[in-house]
Amino acid sequence: MAAPDRSGCAGSTAGRRSEPPGTAGPRSPGAKAAPTRLPLGFVTDFPDPDAPAWRRLIARHDRRLVPAAALVWIATLLGDHNGWTWTVASAVAGVTVAILVLAARRTRFVRIAAWTVILCGLLTATWTGTRLHDRDTNPLAALAHASTTVRLRVDLADLPKPIVSTGFAGRPGGVRSVLIPADAQTVTDDSGTRPAHGAVLVIAPARGWAHLLRGQQADAWGELIPPDNPGDGTVAVIRVRGSPSHVTPPSAVQRLAAHLRDGLRTAGRSAGDQGLLPALVVGDRSGVAQPVLDDFQKSGMDYLLAVGGLHFLVVCGAVLWLLRRIGVGPGTCAVVCAVVLGGFAEVAGGQPNVMRAGLMLGVGLLALATGRTRSAASALAGSVIVLVLWQPAFATDVGFALSVLATGAMVMLTTPTAKALVRHGVPKGMARLLAVAIVAQLATAPVIAAAYGQVSLPSVLANALVEPAFVPAMLVGAVAMACAAVWPWLAGVIAHLAVPELAWLRFVARRTARLPGTSISWPTGWWGGLALAALVAAVVVALRFRRSRALLAAVAVGVAVVIVPVRVFAPGWPPPNWAMVDCDVGQGDGEVLATGLPGDDIVVDTGPDEEGIDDCLNLLDVNRIPLVVLSHLHADHVSGLPAVLRDWPVGAVAVGPSRVPDWAWHDVVRETAQAHVPLVELSVGQRLSWPGLTLDVLGPPPAESWPVGDDPSGTVVNNSSLVLRATTAAGRVLLTGDVELAAQADLLESHVDLTAAMLKVPHHGSRFSAPAFLDAVHARIAVASVGAGNPYGHPSPLTLNRLSADGALVLRTDHDGDVAITPGPTAVPRGDPRPAP
């Protein structure tokens, strides 16, 4: 039999026609179309140019590794959640199906795919099954279930991740603890020292642990407890007491990586980047304020702050462009890019998305060096196989799944989507940006909905707007980081070039996050994800037909005109003539009082973060704040102050007599000074008046009776809270801060008139409220400002039952959301409370 003609193979010039693609003459029946060369050297072979578009799209990509990747991922996922036997059974089932297919079909494509499934299935059943069995029977798990105190020798698998404390009596933005994924080496308990293995999560004090690097080993002494989510591969959690001991020195590579990260942080600070540059370049979010992170998450831009495929592509693209400009060949390009990307991965850390992106590009670089054609789909599938076999915990990582889906969608769907947009009149450059944002958003939306219960609406537009700024900011940051190792001063100069781009990113994230209907709630879990996937698929199919496009446009208009306003604005909110609003700021306090002057309102406390009070004031359409009152200096009452000072004109900030805790007092002094707002102290007997509001200060006693210094329990600071009686258009309102039994007793002994129509329940409804105090107020409406799922047990059923027994209507912000008080008095809850953090 004659050998087949290979003249059309990639890299061959024999027999190649001189006509451009699409201009060749008629072909004989059954003849193949000439191969078409795509960017990055990939070659496609369309078997039938008259086939449907979806069939040509699939044929463009080499899919032989996709079934094997799906088997490895699904079998490992089932085993992670249900036990190692599920992994073995699933892998064996996949191997069986592959053998049956191999016996029935003889095409080369099917044979290769089937043999790959058989090989990967056997590896999964043996290698992954054994590892999951070891995890399920790990001796550390038994020690964790017994809450055993041990000394554990650990090998750090990642950089320490800070736990930012903004809760009760904690410093806003302060880092007291860190989380460190690690691998156990040895364990020491009453039975002696013995080898140990398995992934553990170290929860340790920041002091002594925060500056350790990946790859270092250390001894940790503390209590082993079971993990909250054993499905992520963690066999135990150790709560460490004290500093690490017997710490090994970091490797030279890790020291260099740490030096580069520190240099980038320093350069960014000198440029005033607010911590965004390190987050954008290497995923280091330690210097970014939590409200900024929340804005990026709400606007669907959070992926920019987590190193993934897009970051690697920007770095690799820039290096390749530079090398090709100076005439470097493909093999050398591949080697140089591999070195650069390997170093970049070391600096960025070993998170799943980093490893997936690095491995996928590594496969592409290998293809570039060898001249072998490989499709991006095969590279992605191969990276999934290797990574999940290497680390089974990747199979359950949401970030890993989002990264794979987004990359796969961009590889397969960006070009046809961009062409479709161009056909409908979108300029070519904008079409490309929109296509990337659209396909990535549609591909990841089901997983985001299943995991987080939210669907982001304006994120496609936001991502299209920021992509032109992200690329130069990323490149500037990478160059600054490289220079920081040798010329720190030059790194600071270069970092200034990224300031406009970073400002644009913050602007888009902030404005998008505050758009009405930024996200809508969606059912979580498998069914929620499948339902959204089916909806997305139905919309994509419907867009291919003219009549259905018109129907979809009509539905979209209906949603925009009717459903979104109803969903977002909640009819009648804020209610007319509101006198006071208890804002849902989470686990904290934040109240707004109407002064009778349009747009001028008083704020009492600002909540545990900037987001809650910011959202509430925006909904109330506040224009100016004559006075901000901070009842006391705990973080859940003062942490939102920077947002109020930044976004609204403020006349003055008032505090009580206490100056504890010290850090909070210094922060308030600094923030008011920076905003050029006077800081004043209120004292008992003072009265402040506006046309529709009067504030009387009822407590606490003068400053000389309050100690200074630390207050670990928080009781002294709570009892130093300002107690205000507000006379409003809706009647009296008693604002009590966090006063507890001692301060309540002082108020009762002072014989001051405590009666009020509405009570802001003291200390988030804690059990430390005296029945005599609640009876003296005799409120008709009582509101507990409390966060969903808080760890303090607030509000106490004893306190709520006492108020109800006295005839009060009891509301709580974690159930009712913002609560407005109108003349009557009447309580109008907005609903839609903030979810638990």
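The values are calculated or read from the model by the stated rules, or taken from the named source; none is laboratory data. Note that the structure is a prediction, hence the values are computed from the model and not measured. As a convention, Cβ positions derive from the backbone with ideal geometry for all residues, glycine included, and neighbour counts pool all protein chains shown. Note: accessible area is taken over every heavy atom of the protein model, side chains too, but ligands, DNA and RNA are not part of it. Shrake-Rupley method; radii C 1.70, N 1.55, O 1.52, S 1.80 Å.
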Residues being over 29 Å from residue 83 (Cα atoms) and either assigned to a loop (DSSP other than H, G, I, E, B) or open to solvent by 50 Å² or more (accessible area, probe 1.4 Å) (or both) - total across the range 192-214: 6
Where the second residue is in a helix (DSSP H, G or I) and modelled with pLDDT under 85 and the first is open to solvent by 60 Å² or more (accessible area, probe 1.4 Å) and among the charged types (D, E, K, R) and lies in the range 250-273, which pairs have Cβ atoms under 8 Å and are six or more apart or on separate chains? 262/484
Among the candidates 258, 236, residue that is at pLDDT 85 or above and part of a strand (DSSP E or B): 236
Given the conditions (1) open to solvent by 40 Å² or more (accessible area, probe 1.4 Å); (2) over 30 Å from residue 750 (Cβ atoms); (3) over 35 Å from the mean Cα position of the chain (by Cα), which single one is not true for residue 806? (2)
Residue hits (the range 100-129; loosely packed, with under 14 Cβ neighbours inside 10 Å, without any contact (Cβ under 8 Å) to a residue 24 or more places away in the chain and not small (Gly, Ala, Ser)) are 100, 105, 106, 107, 108, 126
Filter the range 663-718 down to the residues that are over 30 Å from residue 596 (Cβ atoms), at pLDDT 85 or above, of a type in the set (D, E, K, R) and surrounded by 12 or more Cβ atoms within 10 Å (Cβ to Cβ) and list them by number. 667
Hits in the range 215-233 - residues which are at pLDDT 85 or above, open to solvent by 30 Å² or more (accessible area, probe 1.4 Å) and among the acidic types (Asp, Glu): 223
Note: among 189, 136, 155, just one is modelled with pLDDT of 90 or more and among the acidic types (Asp, Glu), namely 155
For residue 495, state whether it is within 18 Å of residue 267 (Cβ to Cβ), at pLDDT 80 or above and either open to solvent by less than 10 Å² (accessible area, probe 1.4 Å) or of a type in the set (Lys, Arg) (or both). yes
How about the range 280-296: which of its residues are in contact (Cβ under 8 Å) with a residue 24 or more places away in the chain and either open to solvent by 40 Å² or more (accessible area, probe 1.4 Å) or aromatic (Phe, Trp, Tyr) (or both)? 286, 289, 290, 296
Report whether or not residue 396 is at pLDDT 75 or above, closer than 21 Å to residue 81 by Cα and open to solvent by 30 Å² or more (accessible area, probe 1.4 Å). yes
Take the residues of the range 713-738 that are part of a strand (DSSP E or B) and over 40 Å from the mean Cα position of the chain (by Cα): which is nearest to residue 634 (Cα to Cα)? 725
Residue 784 meets each of (1) within 16 Å of residue 608 (Cα to Cα); (2) open to solvent by 20 Å² or more (accessible area, probe 1.4 Å); (3) in contact with an Asp or Glu (Cβ under 9 Å, 6 or more places away or on another chain) with one exception, condition (2)
How many residues, within the range 272-295, are assigned to a helix (DSSP H, G or I) and closer than 21 Å to residue 612 by Cα? 6
Over the range 665-679, the set of residues in contact with a Ser or Thr (Cβ under 9 Å, 6 or more places away or on another chain) and either of a type in the set (A, V, I, L, M) or outside any helix (DSSP H, G or I) (or both) is 678, 679
Mind listing just one residue for me: the one in the range 465-492 that is over 18 Å from residue 305 (Cβ atoms) and aliphatic (A, V, I, L, M) and, of those, surrounded by the fewest Cβ atoms within 10 Å (Cβ to Cβ)? 486
So which of 590, 586 ends up being crowded, with 20+ Cβ neighbours inside 10 Å and at pLDDT 95 or above? 590
Note on the range 606-619: residues open to solvent by less than 10 Å² (accessible area, probe 1.4 Å) and not hydroxyl-bearing (Ser, Thr, Tyr) are 607, 612, 613, 614, 616, 617
Could you look through the range 763-778, keep only residues that are farther than 19 Å from residue 792 by Cα and not in a loop (DSSP other than H, G, I, E, B), and pick out the one that is nearest to the chain's Cα centre (by Cα)? 774
Residue match in the range 588-599 (condition: acidic (Asp, Glu) and farther than 18 Å from residue 721 by Cβ): no
Could you list, in sequence order, all residues of the range 75-95 that are surrounded by 20 or more Cβ atoms within 10 Å (Cβ to Cβ) and small (Gly, Ala, Ser)? 75, 79, 90, 91, 94
Name the residues in the range 740-766 that are of a type outside the set (Gly, Ala, Ser) and buried (at least 19 other Cβ atoms within 10 Å of the Cβ), would you? 740, 744, 747, 754, 758, 759, 760, 761, 762, 763, 764
Filter result (surrounded by fewer than 20 Cβ atoms within 10 Å (Cβ to Cβ) and either of a type in the set (Val, Ile, Thr) or in contact with a Cys (Cβ under 7 Å, 6 or more places away or on another chain) (or both)) within the range 297-314: 314
Considering only the range 587-655, give the strands (runs of 3 or more DSSP E) lying wholly within it that have at least 3 residues that are out of contact with any Lys or Arg (no Cβ under 9 Å at 6 or more places or on another chain). 591-594, 653-655
Could you look through the range 418-432, keep only residues that are open to solvent by less than 100 Å² (accessible area, probe 1.4 Å) and not in a helix (DSSP H, G or I), and pick out the one that is nearest to residue 546 (Cα to Cα)? 425
